[in-house]
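The values are calculated or read from the model by the stated rules, or taken from the named source; none is laboratory data. On a predicted model such as this, the values are computed, not experimentally measured, just so you know. Here the Cβ positions follow ideal geometry from the backbone for every residue, glycine too, while neighbour counts run over all protein chains shown. Note: accessible area is taken over every heavy atom of the protein model, side chains too, but ligands, DNA and RNA are not part of it. Shrake-Rupley method; radii C 1.70, N 1.55, O 1.52, S 1.80 Å.
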Amino acid sequence: MPRVPFVSRNLAEPEELVKAIRLRRGGQLSELDRLLLHSPPFAQGWNTFLGQIRTKMKLDPKVREIVMCGVALINDAQYEYDGHLPELLKAGGTREQGEALRDPLAAMSNTALFTKVERAAIRLYSEMTSNVRVNDATFEAAREALGNTQELVELVGTIAAYNMVSRFLVAMNLVEDDKSED
């Protein structure tokens, strides 16, 4: 169970915020939303920020989902990995790729499963997540693979954002089987 109780699935207030979150989530509040909504200002900022990352950026959706899954695995946020693996598949990834992310060192050199851009992203999220600091060679490899500054900034930002997400989930003890009917 999470360390704080979920708000009700049927929460209706604050109305505009709850509607916006439901819209982004396809009509339902996720368990994560049901924790965030204990603080409406925080939930609103989260929804806007992550909504932009998920829907408005130029970064290839498959690369985005590889990063989200990989960061979740490094940070032991299985709930997040389980939520994003289907999104990786929708974006053109495979289950084999999703499983390969469990060993980022092997994945970043796996030319059979991952493209040059994907391998550079794996190397970058691995260093950012495990070490915080990124060596120059890793950063330059990502810059070269992506080929433009906007996508590079979006990649770094996505990795940073999903470190925030996974660390929130782990600290709150939100795990895959945390389902509440209320």
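You can think of it this way: the chain between ASN110 and GLN150 has 11.8 nm of extra reach, that is 0.36 nm per residue less the Cα-Cα gap.
For GluC sites (Glu not before Pro), the sites in region 88-182 that DSSP calls loop and that have at most 11 other Cβ atoms within 10 Å are GLU181.
Against the main long axis of the alpha-carbon atoms of the chain, helix 15-24 sits at an angle near 40°.
With θ taken as phi - 60° and the Karplus curve 6.51 cos²θ - 1.76 cosθ + 1.60 applied, the whole-hertz 3J(HN,Hα) list for region 88-93 is 4, 5, 4, 7, x, x Hz, x standing for glycine and proline.
Principal-axis analysis of the Cα atoms of the chain puts helix 149-172 at an angle of about 50° to the longest axis. Here the chain exposes an accessible surface that is 53 percent carbon and sulfur, computed with a 1.4 Å probe and the other protein chains kept in place. Here the sum of -39500 (n - 2.57) over DSSP H runs of 4 or more residues, divided by the residues of the chain, equals -20500 deg cm²/dmol at 222 nm, to the nearest 500.
Tell me whether region 96-172 comes out rounded, prolate or oblate; compute the Cα gyration tensor, take square roots of the eigenvalues as a ≥ b ≥ c, and use a/c under 1.5 as the rounded threshold. Oblate, since a/c reaches 1.5 and b/c is not below a/b. Projecting the Cα atoms of LEU29, SER8, LEU169 onto the dipole axis of the chain, where Lys and Arg carry +1 and Asp and Glu carry -1 at the beta carbon, places LEU29 farthest toward the positive end.
For the chain, the longest principal axis of the Cα atoms and the long axis of helix 40-55 meet at an angle of about 40 degrees. Surface exposure of region 98-142, expressed per residue as accessible area with a 1.4 Å probe, stands at 52 Å². For region 135-148, putting each phi into the Karplus relation 6.51 cos²θ - 1.76 cosθ + 1.60 with θ = phi - 60° gives couplings of 6, 4, 4, 5, 5, 5, 5, 5, 4, 5, 5, 6, x, 8 Hz, in residue order, rounded to whole numbers and with x for Gly and Pro. Assuming charge only on the beta carbon of Lys and Arg (+1) and of Asp and Glu (-1), the dipole of the chain about its Cα centre is about 360 debye to the nearest 20. Distance between the C-alpha centres of region 141-170 and region 64-138: 11 Å, rounded to the whole angstrom.
Out of these labelled values of mean projected area of the Cα convex hull in nm², [x] 9.7; [y] 10.2; [z] 10.8, which was calculated from the coordinates shown here? Only one option fits the structure, namely [y]. For region 102-114, backbone phi angles converted through the Karplus equation (6.51, -1.76, 1.60; θ = phi - 60°) give residue-by-residue couplings of 5, 10, x, 4, 5, 5, 5, 10, 8, 6, 6, 9, 10 Hz, Gly and Pro being listed as x.
Note on LYS19: lysines with a C-alpha under 30 Å away, same-chain residues under 8 apart excluded, are LYS56, LYS58, LYS62, LYS90, LYS179.
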